[in-house]
Structures are given as C-alpha cells and as structure tokens.
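To start, the structure itself, in structure tokens.
Computed from the coordinates by the stated procedures, all read-outs in this text should not be read as laboratory data. Note that the coordinates shown come from a computational prediction; the quantities given were computed from them, not determined experimentally. Note: ideal-geometry Cβ built from the backbone for every residue, glycine included; neighbour counts use all protein chains shown.
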Amino acid sequence: MLIPASVPAVVDVLHLLGADADPDAPPDLLVEVPHGADRTAHYDALRARLVSPLADDLVDFFHVNTDVGAWAYGERVAERLIAEQPRRSALLLRCLIPRTFIDCNRVIDAPSGDLTAGQLTAALPPYIRASEDHALLLDLHRAYVQVANAAYALVCGAGGLALLPHTYGPVTLGIAAVDDDIVRALHEAHEPDRYATWPLRAEVDLITTTPAGVDLTPEGLAEAVTDLLAKRGLTAIRDGAYNLHPSALGSARAAAWPGQTFCVEVRRDLLVPAWTPFAEMLPDRALVERVAEPLAQALADWFSSRSSRSEAHLR
C-alpha cells in the first residue's frame, strides 16, 4: 500500500491511525477537502506567483467564498471515528490552492453556469488572463487531482468511504456569475438593506443525488446523519442548494464509486464565532464539535452495520 504524499503548495496529506489499526491496510475513510485553502496566507502565497492584473480587493472575494470550517470539521470527524473504532484509519487531503484562482473541485473544461439556478462556477475565473497564470494554475490543478484520484482508488477501491466536507455562505446571494465585477457585486449584495432580502440557506445540506435524481450516497447514511444532527439542534436537508452536478469532480467520483461517497455542506456562520464575510474567519472548536460529533457517530454506525452485514453473509 502506498499512501499519497503531500505536495508543497498543492495538498497536505494526513494518515491518521487508530490505536489498533494495521498501518499497512488501506484506510477505511477518506476525507477530501478540495476547498481547504481557507486562510489569507493561502491566498497571499499563490497571488504572489501570478502576473495577471488582479484587483487589490480580490481578496474580499476569497474571504466570502472560501470554505472556512470545512477542513476543521472534516479532520475532527476522522479523529472521532478512529477514537471510537481504533482498528480503523483515515486518510485526509487538504487542498492548499485557493478556489479564487482555480477550483480543484471542477472538471477543468466545464463551463460556468447560472449561480442563481444552483449551477456551478468554472474551474478558471475570467479575470485570470495571463497565459503564464493559466499554465501554472492548470499544473497545480493537475497535481492536486492526481493525488486525489490516487486517494480515492486506495480507499474506495478497497471498499472504504469518502467524506467530502464543504461549507457555504449563510444566504443565497443574487449573483449569477463570477466575472471582473465580482467584488463590487458582492459588496453591493452585502449592503444591510439588500442582504436582508436574500433567502437563508439550510444549516446543513446533504448533496446526495444527480440532476436525474439518482441517489449515489451510502445506503441509510443521509437519514442517519439527519437524525443525529437534529439531536444537536441542527436541521439538515438534501440537495437544497446544489446536487451532484456533473461539472464537479466530487460528482464524478460519486458516480465512479456509487454508495461510497458522502458530500456535506455546512453553513459557515455556524462554524465561526462571528460572520465577517470580507475578513479571515477561524472556526470555533465547540461549534466544529457540534457538527463533527453527529457526523462521526453516523459514520461509525455505518461502518459497524456494514461489518455486521458482511459477517452475517459469511455465516
């Protein structure tokens, strides 16, 4: 077994072993966070390498749009799972490439869609114009996807499960596309009188079905997660803001490994002490725990149930 290695400025890879886990066995759980670059330092590091004439305030878009808290609760879910079931292990991927410059959860040539209709942005935004930047960003995208593909083959190929933690903003902003005017549009959308008109998103959105309505998630897991979150005072829905859209690489992997991937969106304001959309936010440990505990319990129950079914089949 070969665990994928971390790649500087591309992806951090962690291999967490339970106290009784076999270090040579494939991990049971993969936690892939393709939007894991959630710190201003991540933005600044890649911005310094680009030559396109980008606006100084583009960092505001980064702060609004980054998946703050996704890595924190994904990592905590893995820690809790292997603590409860010490024979298990987990492989964690944190992408370090800000989606402001290229989205590592996108099929590279998929077009941008209407965001107000639940469609997704393109991998490369239109404000990245320099050919040198295109080359650099495409190389970074390929490097991340190569590691992620190897991780899915290792974990899901051995019958394991992949958790895809994401976070989204508190409301659905009436912005149809990302373009050169995105920062101005975001500031206008966040003016108090206007912001109050936008619909509030669900606290947790489980992304489970394709546009055709095919459920690709592990059997019973969405229902279990919904019930356990409710006990912590959190309401989960299914496919409210998005579905398993074909332009997302997470959707392609769900199709490649049906019944072995589980994508979760958590509202960002529920993971931070204060919602400050145009400044860096750090997740709060207690708020992260509120989300991670029921997710980890649902995964632990799912693994136990699957093991019981396998043993019964052998008998």
Quick calc, the stretch 22-140, dipole around Cα centre from Cβ unit charges on Lys, Arg (+) and Asp, Glu (-), nearest 20 debye, gives 100
Interchain or sequence-distant (5+) residues whose placed amide H lies within less than 5 Å of the amide H of residue 239 are 206, 207, 208
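Count neighbours as other Cβ atoms within 10 Å of each site's Cβ, and list the trypsin sites (Lys or Arg not before Pro) in the stretch 180-273 that are DSSP loop with at most 14 such neighbours.
Working: sites: 184, 194, 201, 231, 232, 238, 253, 267, 268; in loops: 201, 232.
Filter output for the stretch 180-273: 232.
Nearest 20 debye, what's the magnitude of the dipole of the chain about its Cα centre given +1 on Lys and Arg Cβ and -1 on Asp and Glu Cβ? Walk me through the numbers on the way to the answer.
Numbers: 26 positive and 42 negative charges, 127 e Å.
It works out to roughly 600 debye.
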If unit charges are put on Cβ atoms (+1 for Lys and Arg, -1 for Asp and Glu) and the dipole of the stretch 163-315 is taken about its Cα centre, the option from 247, 291, 174 lying farthest towards the positive end turns out to be 291
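May I ask for the net charge around residue 268, where only other residues with Cβ less than 10 Å from the Cβ of residue 268 are counted and Lys, Arg are +1 while Asp, Glu are -1?
-2
May I ask you to list, by number, the DSSP H helices of the chain whose Cα span along the axis is at least 30 Å and whose average Kyte-Doolittle hydropathy reaches -0.5 or more?
Details: long enough: 131-155 (36 Å, 0.42); 285-314 (42 Å, -0.27).
What comes out of the filter, once short or polar helices are dropped, is 131-155, 285-314.
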Toy charge model, Lys and Arg Cβ at +1, Asp and Glu Cβ at -1: the stretch 224-267 dipole around Cα centroid in debye, rounded to 20, equals 120
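What is the Cα convex hull volume of the chain when expressed per residue in Å³? Walk me through the numbers before you get to the answer.
Numbers: hull volume 40.3 nm³, N = 315.
Normalising the Cα hull of the chain by residue number yields 128 Å³.
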Counting sequence-distant residues (5 or more places) and residues on other chains, those with an amide H built under 5 Å from that of residue 168 are 266, 267, 268
With x for Gly and Pro, the residue-by-residue ³J(HN,Hα) of the stretch 232-242, computed from phi through the Karplus equation 6.51 cos²θ - 1.76 cosθ + 1.60 at θ = phi - 60° and given in whole Hz, is 9, x, 10, 9, 10, 10, 10, 6, x, 8, 9
Asserting the computed 222 nm helical MRE of the chain (DSSP H runs at least 4 long, -39500 (n - 2.57) per run, divided by residue count, to nearest 500) equals -12000 deg cm²/dmol
For residue 106, other-chain or 5+-apart residues with amide H closer than 5 Å (H placed, Pro excluded) are 249
Given Cβ charges of +1 for Lys and Arg and -1 for Asp and Glu, the option among 195, 18, 4 whose Cα lies farthest towards the positive end of the dipole of the chain is 18
As a percent rounded to 5, the proportion of antiparallel DSSP bridges among beta bridges in the chain is 45
The farthest towards the positive end of the charge dipole of the chain, of the residues 186, 77, 45, given +1 on Cβ of Lys and Arg and -1 on Cβ of Asp and Glu, is 77
Projected onto their principal axes, the Cα atoms of the stretch 101-228 stretch, largest extent first, over whole-Å spans of 47, 43, 24
Square roots of five times the C-alpha gyration tensor eigenvalues of the stretch 153-270, ordered largest first and given in whole Å, equal 30, 18, 11
Contact order relative to length for the chain, counting C-alpha pairs under 8 Å separated by 6 or more residues, stands in percent at 24
